[in-house]
Amino acid sequence: MESAPRLDEHARFEAFFPGSAADFLRLLGAWSIPFALLDDRGAILFWNRGAAKFYGRSEDDVLGRLWNETVSEVATIVPDSVPGVRTRRYEATHKRATGEELAVIVTRTDLPAEDGTTAAFVLVTDLTASKKLERGLARRVAQLSVIREIGECLQSAMSLEEILRTILVGATASQGLRFNRAFLLLVDERRGELKGRDAIGPADASEAQLIWSRLAASKHTLRELVDQFEPEIDGAPSRVLTIARQISAKLDDERRFIIRTLNQETTTRIVEGRAVGSTEPIPDRIVEILGVDSFVAVPLRSEGRPVGLLLADNAITRRPISDEDVAILELLGLQAAHAIERARLTDELARQVASLAAATRELRLNQERLVRNERLTAIGEMAAHVAHEIRNPLVAIGGFARSLLEKDPGHEPATRDALAIIVDEVRRLESIVRDVLEFSRPTAPKIGRVDARKLAEEAVELLHAELDQAGIAVTIHEIPGSPRAAADRDQVFQAVVNVLRNCLHAMPRGGPVSIRVRPYQHGVEVAVADSGTGMSQEVQAHALEPFYTTKHDGSGLGLTIASQIVRDHNGEIRIESTEGEGTTIAMRFPAALEEHRV
Amino acid sequence: MSKILVIEDEKNLRTLYKQDLERDGFDVVTAATAQEGLEMLESEAPDLVVMDIRLPGMDGLEAMSRVLDRHPRLPVVLNSAYSSYKDSFMSWSADAYVVKSADTGDLRARVKELVTARSGT
């Protein structure tokens with residue numbers, strides 16, 4: 001019964017292809033490429049061995065059955081038919097006997113027979129393998145573009161922390177390499193150890209579900225993920241971070257798996273506790289600490305030097321780590337190593353530049369100090385000598401003039417006026433002499449803790465009468481948190497008094513003066529701002545030089561002494577002034593160490 | 001009448017201090033050197049000493065320590081051109097420290113204060 005239709009089909013076949021053609025077809029029958037012959041209804045007349053193998057159906061199963069039904073043909077890409085052309089090629093999906101879907105290209109050639117009917121000659125090219133290849137290729141391209149994106153993030157990362165975060169997010173994000181967890185170990189050359197520094201990944205399956213579903217719901221770019229990443233949850237380090245921090249080994253401890261891996265140049269894949277492709281024994285503590293027996297370890301090396309180790313695993317999904325996963329992780333590792341090294345070099349460079357700058361500054365300051373000290377010592381010695389010599393005569397002149405005024409009030413008015421002038425002028429000369437002697441004072445500061453605000457108040461109190469008479473109102477502000485100065489109380493007091501005296505001279509018509517005490521870098525600043533006549537550029541440039549004065553009755557030493565005191569304290573003095581608006585003189589002193597509170 | 005001994009090497013200043021202090025009602029004797037001053041300390045038995053720190057022959061601070069050795073309760077007023085001596089350890093034992101000035105008001109005030117305090121005890 002079964003052979004009946006077969007004989008019948010053969011008869012029909014013979015009818016279409018007489019003699020030699022039939023022999024040719026028989027030859028095709030052994031061909032490995034799937035091939036079939038259809039009659040004008042589309043029923044299968046011929047089915048070669050290649051087709052039998054490809055579709056998993058024997059010739060007996062299919063002969064006489066309709067082609068479309070037999071292979072479950074669904075045409076996917078069909079070009080328009082061109083009149084007069086009997087061969088058409090189109091893409092389609094077919095199905096095997098097992099139901100497996102096949103991607104194919106069908107080449108169909110119509111064969112008109114003498115009786116007016118048309119048979120068809122069908123050749124099938126398997127596309128499934130190349131489709132697979134294509135999909136694989138697409139995945140590769142996607143992965144490479146991820147690597148490129150990670151690379152861009154790494155390039156723009158400003159700090160080592162940001163770089164580490166980018167690497168870890170890249171290794172684990174669904175937009176990235178899709179590992180479940182990733183750990184970064186860095187070489188600390190100073191301490192001679194390799195130590196776990198950072199990690200990303202869920203603690204367990206339930207946390208994984210939570211995090212991954214949340215991430216899936218939001219369409220973030222890799223960069224956004226990096227920016228949002230928080231290494232700590234509610235102030236506590238995440239579990240993977242805790243795990244990462246447990247990992248450490250001395251750089252010379254070759255017994256440790258992580259050190260051996262760091263020192264070799266190739267990636268090690270551990271599957272079920274064994275290194276793939278080597279006789280490497282089961283890794284030591286690392287399996288215990290990570291809690292998985294399958295992971296990848298990529299050594300990070302830059303310029304031949306070990307920088308760190310990147311570990312990645314699929315602890316939650318248990319998905320096997322493929323060759324492709326390893327290859328792409330190695331690519332990431334390459335970028336990571338360079339980025340980490342770059343960050344380290346940048347830090348190191350910045351540190352060295354800063355220390356060099358500081359050293360240069362210190363050197364220049366010392367040179368300036370030296371030159372100034374030499375000059376001032378010479379000036380000071382001479383001035384002190386002169387001052388000392390005229391001091392006693394001044395006391396005598398002024399003293400007797402006062403004495404005359406007091407003893408005999410009955411002088412002629414003209415005589416009284418003359419005596420008063422002598423008293424006044426002597427007072428002025430005495431203040432100059434006092435400044436000169438103060439200036440040449442050789443004492444080094446006796447450093448204590450100085451409350452600048454209190455000192456300013458006392459200075460104002462001392463000059464109270466003169467300030468009132470000049471119509472000057474002084475206000476004192478202190479910015480909270482201003483530190484105590486490490487300074488010689490008396491000397492700083494002298495400096496503040498001198499600057500205030502300068503205000504007196506700069507404000508002949510009175511007005512407000514404000515003293516501000518505020519934190520400045522590692523110290524405290526006392527800035528005295530007057531609303532007086534101000535200084536020209538010329539005057540500003542010379543204001544701190546000895547004996548430079550624009551005043552009729554000044555010694556030209558007040559600001560010089562203030563500046564000398566400030567510099568003796570390793571502080572700095574700044575003058576800012578606008579003519580007609582006023583002058584601000586800011587003195588900065590180093591801060592005293594915090595007192596220990598009991 | 002309280003007696004003041006002024007030890008001062010400058011003749012004009014001796015005259016000035018003597019004149020001013022006498023006007024304030026004190027009996028004033030003067031010495032030009034530390035040595036002379038120490039001798040007068042015995043011969044005149046003053047109630048208070050005003051002395052310069054820089055004196056020819058003997059340092060004023062040393063002279064003061066000799067004064068205080070002999071008369072530990074005698075008030076001493078140091079009168080100096082230099083404010084820098086203010087911090088000197090020795091000058092702490094003086095009862096007052098006055099910076100020399102044409103305005104003798106400060107000096108006279110301290111002298112009056114110390115003499116009053118002494119006669120009060």
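Restricting attention to the stretch A:121-136, does a residue exist that is open to solvent by 80 Å² or more (accessible area, probe 1.4 Å), over 20 Å from A:L334 (Cα atoms), in a helix (DSSP H, G or I) and among the acidic types (D, E)? Yes.
Taken together, A:N392, A:N366 contain a single residue that is in a helix (DSSP H, G or I) and within 14 Å of chain B (Cβ to nearest Cβ), which is A:N392. Return the residues of the stretch A:461-494 that are closer than 16 Å to A:R449 by Cα, open to solvent by 50 Å² or more (accessible area, probe 1.4 Å) and part of a loop (DSSP other than H, G, I, E, B); say none if nothing qualifies. Once the filter is applied, which keeps residues that are closer than 16 Å to A:R449 by Cα, open to solvent by 50 Å² or more (accessible area, probe 1.4 Å) and part of a loop (DSSP other than H, G, I, E, B), the stretch A:461-494 yields A:G481, A:R484. Of all residues in the stretch B:6-20, those being within 11 Å of chain A (Cβ to nearest Cβ) and under 13 Å from the mean Cα position of the chain (by Cα) number 6.
Restricting attention to the stretch B:85-121 and to residues that are β-branched (V, I, T) and in a loop (DSSP other than H, G, I, E, B), the residue that is modelled with the highest pLDDT turns out to be B:T104.
Any idea which residue in the stretch A:291-315 is modelled with the highest pLDDT, counting only those that are part of a loop (DSSP other than H, G, I, E, B) and within 17 Å of A:V271 (Cβ to Cβ)? Out of the qualifying residues, it is A:N314.
Being touching an Asp or Glu at 6+ places or on another chain (Cβ under 9 Å), under 17 Å from A:G308 (Cα atoms) and not aliphatic (A, V, I, L, M) is true of A:R165. Once the stretch B:47-64 is narrowed to residues that are open to solvent by less than 40 Å² (accessible area, probe 1.4 Å) and not hydrophobic (A, V, I, L, M, F, W, C), the residue that is farthest from the chain's Cα centre (by Cα) is B:G60. Being open to solvent by less than 50 Å² (accessible area, probe 1.4 Å), among the aliphatic types (A, V, I, L, M) and at pLDDT below 85 is a property that does not hold for A:L144.
Residue check: A:E374 meets all listed conditions (1) at pLDDT below 85; (2) outside any loop (DSSP other than H, G, I, E, B); (3) within 14 Å of chain B (Cβ to nearest Cβ); (4) surrounded by fewer than 12 Cβ atoms within 10 Å (Cβ to Cβ) but one, namely (3).
Residues that are part of a loop (DSSP other than H, G, I, E, B), open to solvent by less than 70 Å² (accessible area, probe 1.4 Å) and either touching a strand residue (DSSP E or B) at 6+ places or on another chain (Cβ under 8 Å) or more than 22 Å from A:L241 (Cβ to Cβ) (or both) do occur in the stretch A:321-332.
This table checks each residue for (1) open to solvent by 50 Å² or more (accessible area, probe 1.4 Å); (2) more than 22 Å from A:A465 (Cβ to Cβ).
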{"site": "A:V496", "(1), (2)": "no, no"}
{"site": "A:I515", "(1), (2)": "no, no"}
{"site": "A:H522", "(1), (2)": "yes, yes"}
{"site": "A:E525", "(1), (2)": "no, yes"}
{"site": "A:V528", "(1), (2)": "no, no"}
{"site": "A:G556", "(1), (2)": "no, yes"}
{"site": "A:T560", "(1), (2)": "no, yes"}
{"site": "A:S563", "(1), (2)": "no, yes"}
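Screening the stretch A:395-413 for residues that are open to solvent by 70 Å² or more (accessible area, probe 1.4 Å) and away from every other protein chain (no Cβ under 14 Å) and picking the one that is nearest to A:V436 (Cα to Cα) gives A:P413. When restricted to residues that are open to solvent by 20 Å² or more (accessible area, probe 1.4 Å) and either in contact with a Gly (Cβ under 8 Å, 6 or more places away or on another chain) or under 13 Å from B:L68 (Cα atoms) (or both), the stretch B:25-42 contains 3. In the stretch A:107-120, the residue that is surrounded by the most Cβ atoms within 10 Å (Cβ to Cβ) out of those that are of a type in the set (G, A, S) and over 19 Å from A:W47 (Cα atoms) is A:A113. Residues of the stretch A:333-345 being aliphatic (A, V, I, L, M) and surrounded by fewer than 19 Cβ atoms within 10 Å (Cβ to Cβ), which ones? The answer is A:L334, A:L345.
Return the residue satisfying two criteria in turn: it lies in the stretch A:260-278 and is under 19 Å from A:L186 (Cβ atoms) and crowded, with 20+ Cβ neighbours inside 10 Å, and of such residues it is nearest to the chain's Cα centre (by Cα). So the residue we want is A:L262.
When you look at A:A208, is it modelled with pLDDT under 85, surrounded by 12 or more Cβ atoms within 10 Å (Cβ to Cβ), small (G, A, S) and closer than 24 Å to A:R178 by Cβ, yes or no? Against the criterion (modelled with pLDDT under 85, surrounded by 12 or more Cβ atoms within 10 Å (Cβ to Cβ), small (G, A, S) and closer than 24 Å to A:R178 by Cβ), A:A208 qualifies. A count restricted to the stretch A:88-120 and to residues that are assigned to a strand (DSSP E or B), in contact (Cβ under 8 Å) with a residue 40 or more places away in the chain and over 57 Å from the mean Cα position of the chain (by Cα) stands at 4.
When A:E430 is tested against (1) among the acidic types (D, E); (2) within 10 Å of chain B (Cβ to nearest Cβ); (3) out of contact with any Asp or Glu (no Cβ under 9 Å at 6 or more places or on another chain), only condition (3) is not met.
Each row is one residue, and each column tells you yes or no for (1) acidic (D, E); (2) open to solvent by 50 Å² or more (accessible area, probe 1.4 Å); (3) closer than 17 Å to A:Q228 by Cβ.
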site: A:E161; (1), (2), (3): yes, yes, yes
site: A:I167; (1), (2), (3): no, no, yes
site: A:S174; (1), (2), (3): no, yes, yes
site: A:F183; (1), (2), (3): no, no, no
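Condition check: part of a helix (DSSP H, G or I) and either open to solvent by less than 60 Å² (accessible area, probe 1.4 Å) or touching a helix residue (DSSP H, G or I) at 6+ places or on another chain (Cβ under 9 Å) (or both). Does A:R453 satisfy that? For A:R453, the condition - part of a helix (DSSP H, G or I) and either open to solvent by less than 60 Å² (accessible area, probe 1.4 Å) or touching a helix residue (DSSP H, G or I) at 6+ places or on another chain (Cβ under 9 Å) (or both) - is not met.
For first residues located in the stretch A:132-145 and in contact (Cβ under 8 Å) with a residue 60 or more places away in the chain, partners that are open to solvent by less than 90 Å² (accessible area, probe 1.4 Å) and not polar (S, T, N, Q) and lie 6+ apart or on another chain with Cβ distances below 6 Å form the pairs A:Q143/A:I328. Among the criteria (1) in contact with a helix residue (DSSP H, G or I) (Cβ under 8 Å, 6 or more places away or on another chain); (2) at pLDDT below 90; (3) open to solvent by less than 40 Å² (accessible area, probe 1.4 Å), the one A:C503 does not fulfil is (1). Of all residues in the stretch A:434-461, those that are over 20 Å from A:A591 (Cβ atoms) and either within 14 Å of chain B (Cβ to nearest Cβ) or aromatic (F, W, Y) (or both) total 10.
The values are calculated or read from the model by the stated rules, or taken from the named source; none is laboratory data. Note that the structure is a prediction, hence the values are computed from the model and not measured. Cβ coordinates were reconstructed from backbone atoms using ideal geometry, including for glycine residues, and neighbour counts include every protein chain displayed. With ligands, DNA and RNA removed, areas are computed over all heavy atoms of the protein, side chains included. Shrake-Rupley method; radii C 1.70, N 1.55, O 1.52, S 1.80 Å.
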